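S.K.: Questions regarding the structure given below will be posed in turn.
The values are calculated or read from the model by the stated rules, or taken from the named source; none is laboratory data. Note that the coordinates shown come from a computational prediction; the quantities given were computed from them, not determined experimentally. As a convention, Cβ positions derive from the backbone with ideal geometry for all residues, glycine included, and neighbour counts pool all protein chains shown.
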Amino acid sequence: MMRSVLALSFAVTAALATPAAASVDRYPATTMIENVPAQVDLNATLAGVQIILPGGLDRQASQQNGFAALLGEVVAQTPVATGERPMPLRAAIAEVGANLTVSVEPQYVRYYVEGSPATIRAALALLGGALAAPDFSHATISRARKTLASRIIDADESPFGVLSEMLRRSYYTGSGAGYAPLGSLSIVSNASSAALKKFWSDNYRSGGATIAAAGRVDADVARAAQAVVAQLPAGTPVSLNQQILAPTDPPARIVTHRDVALPWIGVGFAAPQVGAKDFAAMLVVQSIMSTLGQTDSIVSRPALLRPINAIYQYDVKPANFIIYASGTGIGTTAGWREIFQATDVLAAKALDPTVIQRYRTLARGQFVIDNMTLEDRSALVGWVARMGLDPDYPNSVLAAIDVVTPADVQRVVKVYLQKYTFALVLPRTTQDQH
């Protein structure tokens, strides 16, 4: 503890010597256009629209691990009529001058279209047709499998992706929400047309959809987005009763091996949900923990622990907070315990009031950076809508960060960062590979 206190004193001095960054501007206000929550920005040249459906990982049974991602790719590969000949949806949307991305999340799947106000309307019309009637033919499913398979192989060797999946599985009990976003290669390779069609029929319903937008959005764009949802089968998917296993004391320890050059560790904590009173304070805690990889961090640590970073995953239920790092020594008790020195200090003693402003500024900047693109901003607007919060909640967050106190930070650390789950990704040995 004495070592941590000395390091904290050094960090306070460094923080006082560092000029605060310029304050972050507010987001454009989020308003309702034709009943669509939209962060309207008339200075933008493009519009972005999210169609959010309850067809995410949590809708998968164990024998369906990969259905959510495969169905998303089937939709993207579905032939649609445009020009002289049908072409896959993704290519057709590009042909009209827009862009399509599909993201599979623990609780939903997002179809995002971005383009100019003129091109996005045509792109949304194409998306609506494909969502309402995906092509479950052998040819389309085969193309989707091939595309998805290469992404699964790449994702399986992403250290942070593996850590995040390991930690999710530790607290989602009896739910597919903890599965890898792209699924199991063996299940994807053998998924039948009939099984995929049933997964679509069960979950792609107009009653469960959320629409959100950001950028140069007007009533015509909003109506085009509503037309996408209107084409889906009527009804609402069945409600899910999700059970959560909180981090424990003593902590659970999960270990796996991957083709990585160095060991990676992830320490997972519970965290406040979006809309909770401690949400802004947790963002400030994230800004503090993220400085662990810098020379003016709250604690000193050996170079082998760099980089260290903190990710606050607040767009899922339950929200979680992950501190992760890589290095040759982090698999040892002495190595990974360095991460906890900062939480020890923050829980034992409140920050100096003159220091907190620096971390509030960093937190504001990080929140804006995390939600900077039109895709990120529209996704945030959609998540806020699904949570039933005020549409302009993102600006409320920025305002709330500005009044976070040292006592708030200390309370949040004491409440959330004392129990954790420990995940470790180790390099494969020669024996592992046989």
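S.K.: I'd like the residue in segment 92-120 that is more than 15 Å from the chain's Cα centre (by Cα) and acidic (D, E) and, out of all such residues, is nearest to A224 (Cα to Cα).
M.R.: E114
S.K.: A further question on this structure: Any chance you could count how many residues in segment 350-360 are surrounded by fewer than 21 Cβ atoms within 10 Å (Cβ to Cβ) and not aliphatic (A, V, I, L, M)?
M.R.: Adding up the residues that qualify gives 4.
S.K.: Out of I322, I254, I211, I need the residue that is at pLDDT 85 or above and not assigned by TED's automatic domain parsing to the domain that holds T361. Which one?
M.R.: So the residue among I322, I254, I211 that is at pLDDT 85 or above and not assigned by TED's automatic domain parsing to the domain that holds T361 is I211.
S.K.: When you check M387 against the structure, is it within 22 Å of K317 (Cβ to Cβ) and not charged (D, E, K, R), yes or no?
M.R.: Answer is yes for this residue.
A quick yes/no check of all residues on (1) within 18 Å of the chain's Cα centre (by Cα); (2) of a type in the set (V, I, T):
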| position | (1), (2) |
| --- | --- |
| A348 | no, no |
| I356 | no, yes |
| T361 | no, yes |
| A379 | yes, no |
| P394 | yes, no |
| I401 | no, yes |
| A407 | no, no |
| K414 | no, no |
| T429 | no, yes |
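S.K.: Does at least one position in segment 328-337 carry a residue that is of a type in the set (A, V, I, L, M, F, W, C) and at pLDDT 85 or above?
M.R.: no
S.K.: Can you pull out every residue in segment 391-407 that is in a helix (DSSP H, G or I) and within 12 Å of R360 (Cα to Cα)?
M.R.: V397, L398, A399, A400, I401, P406
S.K.: Scan (1) modelled with pLDDT under 90; (2) assigned to a helix (DSSP H, G or I); (3) farther than 30 Å from H257 by Cβ for the single condition V381 breaks and write down its number.
M.R.: With respect to (1) modelled with pLDDT under 90; (2) assigned to a helix (DSSP H, G or I); (3) farther than 30 Å from H257 by Cβ, V381 is out only on (1).
S.K.: Taking the criterion of being among the hydroxyl-bearing types (S, T, Y), closer than 26 Å to I141 by Cα and in a loop (DSSP other than H, G, I, E, B), would at least one residue in segment 205-216 satisfy it?
M.R.: No, segment 205-216 contains no residue that is among the hydroxyl-bearing types (S, T, Y), closer than 26 Å to I141 by Cα and in a loop (DSSP other than H, G, I, E, B).
S.K.: Looking only at segment 70-114, count every residue that is closer than 30 Å to S170 by Cα and not aliphatic (A, V, I, L, M) and tell me the total.
M.R.: Of the residues in segment 70-114, 11 are closer than 30 Å to S170 by Cα and not aliphatic (A, V, I, L, M).
S.K.: Among the listed residues I120, I52, identify the single one that is in contact (Cβ under 8 Å) with a residue 40 or more places away in the chain, assigned to a helix (DSSP H, G or I) and among the hydrophobic types (A, V, I, L, M, F, W, C).
M.R.: I120
S.K.: Take the residues in segment 228-270 that are among the β-branched types (V, I, T) and without any contact (Cβ under 8 Å) to a residue 60 or more places away in the chain, then tell me which one is farthest from A423 (Cα to Cα).
M.R.: T236
S.K.: Sort out for me the helices (runs of 4 or more DSSP H) sitting completely within segment 123-196 that have 2 or more residues that are crowded, with 20+ Cβ neighbours inside 10 Å.
M.R.: In segment 123-196, 138-155, 159-171 are the helices (runs of 4 or more DSSP H) which contain 2 or more residues that are crowded, with 20+ Cβ neighbours inside 10 Å.
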